[in-house]
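The values are calculated or read from the model by the stated rules, or taken from the named source; none is laboratory data. Here the structure is a predicted model, which is why all the values come from computation and not from measurement. A quick note on method: Cβ atoms are made from the backbone with ideal geometry, for glycine too, and the neighbour counts reach across all protein chains shown. These area figures cover heavy atoms from the full protein model, side chains too; ligands, DNA and RNA do not enter into them. Shrake-Rupley method; radii C 1.70, N 1.55, O 1.52, S 1.80 Å.
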Amino acid sequence: LLKLIKRIPMIKGNVEITNKSWHKKINNPNKYFIKKLKKISKIVKFFKGKNTTFTILLTSSINMKKLNKKFRNQNKPTDVLSFPFFSSNNLKFIKQKKIYIGDVATSYEIINSRSKKKNFLLEFDKAWVHGLLHLIGYNHIKNKDYSKMNKIEKRILNSIN
């Protein structure tokens, strides 16, 4: 049975928390992601047949501002940042069954303020799913790319919520 479990492809999120406020909204972030990622691996073609890992950083807007300044030269906080391990061109040629796809960082304060009229977890899911899609090559530079990304984002959010 253990051998069988090891062979089941999956997505794994390594959770790093640098802002304790996240614990007010999500009791057990690891458990939260395991449940959500299991559903995503059934929807997104990229994940089929692979063991994929990424890291999600649950942080503050102060830290997000620093990251945004350092990596995007934008001196302001943002809700989510993605740091893909592969360029979207190289991603197409990866044959490995076990890969690390990169990092996603999210800001507690921005997600929390955005969720005042809505559900915190829904806003959080929108942010990290968006970031995850960037890690696997989706972007929203052109309208057709935005449309494609938006469509898969909605499918994912409908399935995990």
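Worth a mention:
- Residue within segment 127-142 that is more than 19 Å from Ile26 (Cβ to Cβ) and polar (S, T, N, Q) present: yes
- Any hit, segment 42-56, residues being polar (S, T, N, Q), out of contact with any Asp or Glu (no Cβ under 7 Å at 6 or more places or on another chain) and in a helix (DSSP H, G or I): no
- Residue within segment 122-143 that is touching a His at 6+ places or on another chain (Cβ under 7 Å) and in a helix (DSSP H, G or I) present: no
- Of all residues in segment 80-112 being part of a strand (DSSP E or B) and open to solvent by 50 Å² or more (accessible area, probe 1.4 Å), the one that is nearest to Val129 (Cα to Cα): Asp103
- Yes/no for Pro77 being touching a Lys or Arg at 6+ places or on another chain (Cβ under 6 Å) and crowded, with 18+ Cβ neighbours inside 10 Å: yes
- For segment 110-130, residues that are in contact (Cβ under 8 Å) with a residue 60 or more places away in the chain and either over 20 Å from Leu91 (Cα atoms) or not hydrophobic (A, V, I, L, M, F, W, C) (or both) total 5.
- Some residue of segment 72-86 being in contact with a Phe, Trp or Tyr (Cβ under 6 Å, 6 or more places away or on another chain), of a type outside the set (Lys, Arg) and under 30 Å from Gly49 (Cα atoms): yes
- Condition check for Leu37: in contact with a Gly (Cβ under 8 Å, 6 or more places away or on another chain), open to solvent by less than 50 Å² (accessible area, probe 1.4 Å) and either among the polar types (S, T, N, Q) or outside any helix (DSSP H, G or I) (or both): no
- Tally, over segment 53-71, of residues that are closer than 14 Å to Asp103 by Cβ, open to solvent by 20 Å² or more (accessible area, probe 1.4 Å) and under 19 Å from the mean Cα position of the chain (by Cα): 6
- Residues that are touching a residue at least 40 places away in the same chain (Cβ under 8 Å), among the polar types (S, T, N, Q) and farther than 20 Å from Lys65 by Cα do occur in segment 135-150.
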